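All remarks here apply to the structure that follows.
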């Protein structure tokens with residue numbers, strides 16, 4: 001799939017500005033995906049005048065989350081998306097989680113607001129009542145376990 005001419009500008013702090021010259025190509029890039037660079041999923045958002053490399057306010061990013069000890073009757077796309085949507089917008093489901101030999105945890109990539117707290121778990125309504133589903137975040141840089149926010153790290 002080709003999207004025409006574009007230019008990349010390094011902004012510092014790990015941010016990259018991707019200038020796409022044709023509006024229809026930019027729209028195609030924004031609506032298709034997910035996108036990977038060197039095997040890692042990346043997030044893309046339209047630039048805003050409020051953007052600052054020093055702030056996470058209003059920014060979204062994809063992160064992988066795990067659902068350890070997920071009850072077996074919740075191992076389907078609908079329930080996994082229902083649970084993970086309490087954390088962020090489901091973006092990509094790891095299809096390996098549906099192999100019978102790999103039922104250690106559910107794994108989903110969700111788009112999160114970077115300035116919101118990441119929950120350590122969520123309450124889920126099920127046929128047998130409510131249960132608490134623990135959430136594990138994979139490789140989230142500068143995640144503070146004390147306050148649940150991204151952008152700094154306080155050792156506890």
Exclusive hit being at pLDDT below 85 and surrounded by fewer than 12 Cβ atoms within 10 Å (Cβ to Cβ), set 24, 95
95
Need the failing condition index for residue 76 against (1) over 20 Å from the mean Cα position of the chain (by Cα); (2) exposed (fewer than 13 other Cβ atoms within 10 Å of the Cβ), just the number.
(1)
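The values are calculated or read from the model by the stated rules, or taken from the named source; none is laboratory data. Keep in mind that this is a model prediction, so the values were computed, not measured. Cβ: placed from backbone, ideal geometry, glycine included. Neighbour counts: every protein chain shown.
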